[in-house]
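Step one of this worksheet: look at the structure below.
The values are calculated or read from the model by the stated rules, or taken from the named source; none is laboratory data. Just so you know, these numbers come straight off a predicted model, no measurement behind them. Please note: Cβ atoms are built from the backbone with ideal geometry, for glycine as well, and neighbour counts cover all protein chains shown.
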Amino acid sequence: MLDKICSVEDFRTLARKRVPRMFYDYADAGSWTESTYHQNERDFRSIHFRQRVGIDITNRTTTTTLAGEDVTMPVALAPVGIAGMQHADGEILAARAAEAFGIPFILSTMSTCSLEDVATHTAKPFWFQLYILKDRSFSERLLERARAAGCKTLVVTLDLTLLGQRHKDIRNNLRAPPKITPSTLYQFITRPRWCLNMIGTGRRSFGNVVGHTQGVSDLSSLASWITEQFDAAFTWKDLEWIRTRWDGPMIVKGILDPEDVPKAIDAGADIIVVSNHGGRQLDGAPSTISVLPSILEAANGKVEVHLDGGIRSGQDVLKAIALGAKGVHIGRAYIYGLGACGQAGVTKTLEIIRNDLTLTMGMLGERDINQVGQHNLVSDSVQK
Ligand code: FNR
């Protein structure tokens, strides 16, 4: 069956059939009108490659480095909260797929499996994503746990101190496990294997913040919990505080405006991720690929710049790299594969992306991903 899957869109269709609808919608949704979410994808389409011929492209390589680590392609698995709703032990399976592939996996603060669960089931260090809680001693303990689990690279997400509204989650009355209604009962009957997996995952709910999440079982209690626990007063000074507590590379995620770039650098960021949270937070914000050139200009080579949002193929990865990103992070692209087929689905997604990458690089006349640049793009397609 997997050999018939050719694209991320194929996995999306399969995940929609297999994953209980409210969990699929949770992953697939954007905030409010979903305009930023769709713009992220759409803006890649208006960037055009320069096709070059007459070049020996027999041998091609996608290996490079991200945050100082050797990687087989410039792609990391983005942090995705409650991935266990897509597949039992979702984070462990995704981390294993990334490890076998030779790319970083980023574990969310809000993961189903804990730091310790993932460390037990993997051999190499993964990256940890931190949301800042008001309770600073709890945040410090999370950092200690991340270090003890072997994480060297920290990703601090700045664009979610308030939760963006996602209409689908409200309409679906999102909760885990789902409330038994005629509709969820129908889904149990038509998707039995996956629903049992979901229930099995209950034993690990919110592994990193366990003890802090009593009573959180549905969307409204989760939203209230975030309002109570996440620090809406967070400023650049707090980022400096985190910097003093983390020795390894610190990645700052959620930068979308060039004026925020020097602030992140001054607060100690080694890397920034151009991100709008996959269009799940500020609806009406620009797409990430459209702001990448201005962010790179503001960064002026002082930090590595990564990008996420809307990447669904190796061609999208190449476009971001050609515009100057050092690497990209994928969210939904691997989550669809995870929901549809577990670890094998994530692995297949990565294979599809790498295959797209190596073929497309050849058609651009490039042998080494580190040489891909603006010269590979039709110049008037770059600025929208
Ligand atoms: C996310 N994202 C996210 N980011 C983060 O820093 N911590 C988190 O816990 C989550 N949780 C989360 C859940 C789900 C279901 C999605 C889809 C996304 C945002 C994520 O890391 C990344 O920024 C986006 O997914 C990138 O956009 P694409 O690739 O999904 O279009």
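Here are Gly337, Gly309: which of them is near the ligand (Cβ under 8 Å from one of its atoms) and closer than 22 Å to Asp25 by Cβ? The conditions single out Gly309. Output the residues belonging to the range 118-129 that are under 20 Å from Gly345 (Cβ atoms) and away from the ligand (no atom under 15 Å from the Cβ). Result: His121, Thr122. What do you reckon, is Glu91 within 16 Å of the ligand (Cβ to nearest atom), surrounded by 23 or more Cβ atoms within 10 Å (Cβ to Cβ) and in a helix (DSSP H, G or I)? Against the criterion (within 16 Å of the ligand (Cβ to nearest atom), surrounded by 23 or more Cβ atoms within 10 Å (Cβ to Cβ) and in a helix (DSSP H, G or I)), Glu91 qualifies. Going through (1) within 14 Å of the ligand (Cβ to nearest atom); (2) assigned to a helix (DSSP H, G or I) one by one, Val328 falls short only on (2). The number of residues in the range 94-110 being surrounded by fewer than 24 Cβ atoms within 10 Å (Cβ to Cβ), among the hydrophobic types (A, V, I, L, M, F, W, C) and within 12 Å of the ligand (Cβ to nearest atom) comes to 1. For Glu69, are the conditions met, namely being more than 14 Å from the ligand (Cβ to nearest atom), farther than 18 Å from Glu366 by Cβ and within 19 Å of the chain's Cα centre (by Cα)? The answer is yes for Glu69. Taking interchain pairs and intrachain pairs at least six residues apart, which have beta carbon atoms under 8 angstrom, with the first residue in the range 268-284 and over 22 Å from Lys302 (Cα atoms) and the second modelled with pLDDT under 95 and of a type outside the set (Gly, Ala, Ser)? Partner pairs satisfying both residue conditions: Arg280/Arg166.
For the range 33-73, filtered to residues that are assigned to a loop (DSSP other than H, G, I, E, B) and among the charged types (D, E, K, R), the residue that is surrounded by the most Cβ atoms within 10 Å (Cβ to Cβ) is Glu34. Filtered by the rule that a residue be surrounded by 24 or more Cβ atoms within 10 Å (Cβ to Cβ) and more than 16 Å from the ligand (Cβ to nearest atom), the range 249-267 gives a lone residue, Val261. Tell me, which residue of the range 148-176 that is surrounded by 17 or more Cβ atoms within 10 Å (Cβ to Cβ) and more than 15 Å from the ligand (Cβ to nearest atom) is farthest from Ala123 (Cα to Cα)? Looking at residues that are surrounded by 17 or more Cβ atoms within 10 Å (Cβ to Cβ) and more than 15 Å from the ligand (Cβ to nearest atom), I get Arg175. Filtered by the rule that a residue be more than 19 Å from Ala76 (Cα to Cα) and either under 13 Å from the mean Cα position of the chain (by Cα) or in a strand (DSSP E or B) (or both), the range 104-161 gives a lone residue, Leu133.
For the range 358-375, state whether one or more residues are more than 14 Å from the ligand (Cβ to nearest atom), at pLDDT below 95 and in a helix (DSSP H, G or I). Checked the range 358-375: no residue is more than 14 Å from the ligand (Cβ to nearest atom), at pLDDT below 95 and in a helix (DSSP H, G or I).
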